[in-house]
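Accompanying notes for the structure given below.
The values are calculated or read from the model by the stated rules, or taken from the named source; none is laboratory data. All values derive from a computational prediction rather than experimental measurement. Counting neighbours? That spans all protein chains shown, and the Cβs are built from the backbone with ideal geometry, glycine included. Each accessible area value is taken on the protein alone, full model and side chains, heavy atoms only, with ligands, DNA and RNA left out. Shrake-Rupley method; radii C 1.70, N 1.55, O 1.52, S 1.80 Å.
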Amino acid sequence: VEIGNVLERMMKLVRKYRVNLDPAFTSLVVSIVLLEGLGRQLDGSIDIFGLALPILWRTDPTVSKDIAVAMGEAWVANQKNVAK
């Protein structure tokens with residue numbers, strides 16, 4: 001999953017529907033997009049999402065189990081598509 005693309009589409013929807021976001025969340029999104037871009041420049045095959053998911057589960061107890069499961073399922077589905 002190219003998380004930068006997902007976040008970019010999400011931000012377009014946020015602007016379209018004029019949703020107010022916490023500035024800290026917006027900064028986080030921008031940071032993730034920048035880091036993914038940098039990572040892909042260094043290694044085009046890097047999977048930031050796949051690398052970050054286990055760390056997220058271990059380090060952030062506020063992440064709901066449902067969100068974590070949905071993120072994991074999206075990652076697994078993407079890996080199946082990549083393998084085809």
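Of all residues in region 41-53, those satisfying the criterion of being at pLDDT 85 or above and either farther than 20 Å from GLU2 by Cβ or in a helix (DSSP H, G or I) (or both) are GLN41, LEU42.
For region 28-40, give me each residue that is farther than 12 Å from ASN5 by Cβ and open to solvent by 50 Å² or more (accessible area, probe 1.4 Å). Passing the criteria: LEU28, VAL30, SER31, LEU34, LEU35, LEU38.
Filtering region 10-21 to residues that are open to solvent by 90 Å² or more (accessible area, probe 1.4 Å) and in a loop (DSSP other than H, G, I, E, B) leaves TYR17, ARG18, ASN20.
Just to be sure, is ARG15 modelled with pLDDT of 85 or more and of a type outside the set (Phe, Trp, Tyr)? Yes.
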